[in-house]
Amino acid sequence: MSQEKILLTGGSGYVGSHSCVALCEAGYQPVIFDNFSNSSPKILDRLEQITKTKITLVEGDILNFNQIVNVFQQHNIKAVMHFAGCKAVDDSVKNPLKYYRSNVSGSINIIDAMKVSGVDVFIFSSSATIFGDLNVNPISESATFSPKNPYGKTKLFVEEIIADLFGSGCFSNLAALRYFNPVGAHHSGLIGEDPKGVPQNLMPYLAQVAVGRLSKLEIFGRDYPTKDGTGVRDYIHVMDVADAHVATLDYLLSNGGYLPINLGTGNGVSVLELIRTFEKASGHSIPWSFGPRRKGDAAEYYADPSLAKKKLGWSAKRNLDTMCSDMWRWQSENPHGY
Ligand code: NAD
Ligand code: UD1
């Protein structure tokens, strides 16, 4: 069991907090760095309850270079998992500079601070959105990049920066994990996704309808060339995503290299299938109606998860029923989030 300290920027957010739990289980010591722009410090108690460990949480902004360097000076950090950033697609179309600043400049700040501090293991939260809709499914790592909005472009730009850093020899332990659609929650029901405002993504919207916070789900499009006409995605349990981070860290610490990896289950699930599974898991029927397609949506995409299996020995273990029942436990026990 290692006791290495791992810096989690954005570690109090959705994916970061679940990764924090997985890291503790694997014997690492997470140090969370977050400005709480899209999360709450209240999560610390919950994380400590689950892990039965004292967790370090530093309030700070990735746009503030000195604050990051201070964290490296105060803690003997071995590696960085970089989750912090903004992630709302619509907002990125309206406010592109905000996204280039937080996601691109913020990432450069972190990497720069790592360089001056002698830390060279970096795992970046990328997204399947970098692939756009030009590819044939399943989407492998050699698929074409074609992001459709500023958010997606920021993820691709940072991936390109990482590839250049690897090429330059400045950094030798780097990964970009392209999440497909992370959903669900830790099985304890203590932590989960807690979007501010009306959720933009399907699973949190569905859960808020089931719990009575929202009255009805609108299905965006019924005439896609998919199995039932609704959009198809690769939903992956957030704890599987968290486990993949630990597997990536273990791999980089032992072997080094540059790993761009797609993180999905390889299964395409339609909106109607997800609704039915969620109804079964929650015991609640979900009122819904068909509406028009959402601008910019692809009909169908799901991952080819074989490289992750080959390189990391990782594959997703939790099925759609578990994603829905864990999501429901979190939402029903915390109807208004943290
Ligand atoms: P989240 O919003 O729940 O977590 C991000 C965290 O970063 C929040 O706690 C927020 O307060 C913090 N943060 C934002 N700006 C910051 C700043 N300037 N300084 C310090 N902290 C800051 O998002 P998430 O769903 O956990 O996503 C984590 C990462 O994974 C993001 O980079 C996101 O783009 C990427 N990603 C997420 C998904 C998804 O569906 N959740 C899919 C693909 C990629
Ligand atoms: C969205 C983002 C993507 C991001 C991903 C993170 C857009 C256009 N894309 O992807 O960049 O990486 O989240 O998980 O926002 N749906 C409904 N009704 C709803 C909400 C969604 O029918 O109220 C449908 C969508 O049309 C889609 C599916 O549900 O077919 C999944 O949507 P969503 O959860 O928003 O994820 P993505 O569109 O895959």
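Within segment 26-38, the set of residues being within 21 Å of D243 (Cα to Cα), small (G, A, S) and open to solvent by 20 Å² or more (accessible area, probe 1.4 Å) comprises just one member, A26. Residue pairs whose Cβ atoms lie under 8 Å apart, sitting 6 or more positions apart in sequence or on different chains, and linking a residue in segment 135-150 that is among the aromatic types (F, W, Y) to a partner that is surrounded by 16 or more Cβ atoms within 10 Å (Cβ to Cβ), are F145/I130; F145/F131; F145/G132; F145/L156.
From the residues in segment 228-241 that are out of contact with any strand residue (DSSP E or B) (no Cβ under 6 Å at 6 or more places or on another chain) and over 18 Å from R294 (Cα atoms), which one is farthest from ligand 2 (Cβ to nearest atom)? Checking each candidate, the answer is M239.
For L23, the test of being open to solvent by 10 Å² or more (accessible area, probe 1.4 Å), under 21 Å from the mean Cα position of the chain (by Cα) and at pLDDT 95 or above is failed. Checking each residue in segment 105-125 for being away from ligand 2 (no atom under 16 Å from the Cβ) and within 27 Å of K196 (Cβ to Cβ) picks out S105, G106, S107, I108, N109, I110, I123.
Every condition in (1) surrounded by 23 or more Cβ atoms within 10 Å (Cβ to Cβ); (2) more than 19 Å from the chain's Cα centre (by Cα) holds for Y235 except the one numbered (2). Within segment 182-200, residues that are within 21 Å of G296 (Cβ to Cβ) reach partners that are open to solvent by 50 Å² or more (accessible area, probe 1.4 Å) with beta carbons closer than 7 Å, at six or more positions or on different chains, in the pairs P199/Y205; Q200/D90.
Would you be able to say whether some residue in segment 191-210 is modelled with pLDDT under 95, at negative phi and aliphatic (A, V, I, L, M)? Yes, because at least one residue in segment 191-210 is modelled with pLDDT under 95, at negative phi and aliphatic (A, V, I, L, M). With respect to the stated conditions, I6 is within 19 Å of S107 (Cα to Cα) and not acidic (D, E). In segment 288-305, the residues that are of a type in the set (S, T, N, Q) form Cβ pairs under 9 Å with partners that are more than 9 Å from ligand 2 (Cβ to nearest atom), at six or more places apart or across chains, as follows: S289/K216.
Criterion applied to G106, G167, G118 was being out of contact with any helix residue (DSSP H, G or I) (no Cβ under 8 Å at 6 or more places or on another chain), in contact (Cβ under 8 Å) with a residue 40 or more places away in the chain and over 27 Å from A207 (Cα atoms), and the one residue passing it is G106. Counting only residues that are touching a helix residue (DSSP H, G or I) at 6+ places or on another chain (Cβ under 6 Å), of a type in the set (G, A, S) and in a helix (DSSP H, G or I), segment 121-152 holds 1 of them.
Screening V121 with (1) away from ligand 1 (no atom under 16 Å from the Cβ); (2) touching a Leu at 6+ places or on another chain (Cβ under 6 Å); (3) open to solvent by 30 Å² or more (accessible area, probe 1.4 Å) gives one miss only, at (3). Among the conditions (1) at pLDDT 95 or above; (2) open to solvent by 20 Å² or more (accessible area, probe 1.4 Å), N135 misses just one, which is (1). For segment 159-226, give me every one of the strands (runs of 3 or more DSSP E) that falls completely inside it and has 1 or more residues that are of a type in the set (K, R) and crowded, with 19+ Cβ neighbours inside 10 Å. Here the list reads 173-179. Identify, from the list G256, G291, G266, G283, the residue that is at pLDDT 95 or above, under 22 Å from V89 (Cα atoms), away from ligand 1 (no atom under 15 Å from the Cβ) and of a type outside the set (F, W, Y). Selected residue: G291, the only one of G256, G291, G266, G283 that is at pLDDT 95 or above, under 22 Å from V89 (Cα atoms), away from ligand 1 (no atom under 15 Å from the Cβ) and of a type outside the set (F, W, Y).
Give the residues of segment 1-49 that are within 9 Å of ligand 1 (Cβ to nearest atom), in contact with a strand residue (DSSP E or B) (Cβ under 8 Å, 6 or more places away or on another chain), part of a loop (DSSP other than H, G, I, E, B) and not hydrophobic (A, V, I, L, M, F, W, C), sorted by residue number. If the condition is that a residue be within 9 Å of ligand 1 (Cβ to nearest atom), in contact with a strand residue (DSSP E or B) (Cβ under 8 Å, 6 or more places away or on another chain), part of a loop (DSSP other than H, G, I, E, B) and not hydrophobic (A, V, I, L, M, F, W, C), then G10, G11, S12, G13, N35 are the ones that fit. Scanning segment 84-102 for residues that are part of a loop (DSSP other than H, G, I, E, B), open to solvent by 30 Å² or more (accessible area, probe 1.4 Å) and either within 14 Å of ligand 2 (Cβ to nearest atom) or under 19 Å from N35 (Cα atoms) (or both) yields a count of 4.
Out of L272, L259, one residue alone is on the phi < 0 side of the Ramachandran plot and either in contact with a Gly (Cβ under 9 Å, 6 or more places away or on another chain) or not aliphatic (A, V, I, L, M) (or both). It is L272. Somewhere in segment 247-264, is a residue charged (D, E, K, R), surrounded by fewer than 18 Cβ atoms within 10 Å (Cβ to Cβ) and touching a residue at least 12 places away in the same chain (Cβ under 8 Å)? Taking every residue of segment 247-264 in turn, at least one turns out to be charged (D, E, K, R), surrounded by fewer than 18 Cβ atoms within 10 Å (Cβ to Cβ) and touching a residue at least 12 places away in the same chain (Cβ under 8 Å).
The values are calculated or read from the model by the stated rules, or taken from the named source; none is laboratory data. Small disclaimer: the values here were computed from a predicted structure and weren't measured. In this analysis, Cβ positions are derived from the backbone assuming ideal geometry, glycine residues included, and neighbour counts consider all displayed protein chains. To get the accessible areas, we keep the full protein, side chains included, count just its heavy atoms, and leave off ligands, DNA and RNA. Shrake-Rupley method; radii C 1.70, N 1.55, O 1.52, S 1.80 Å.
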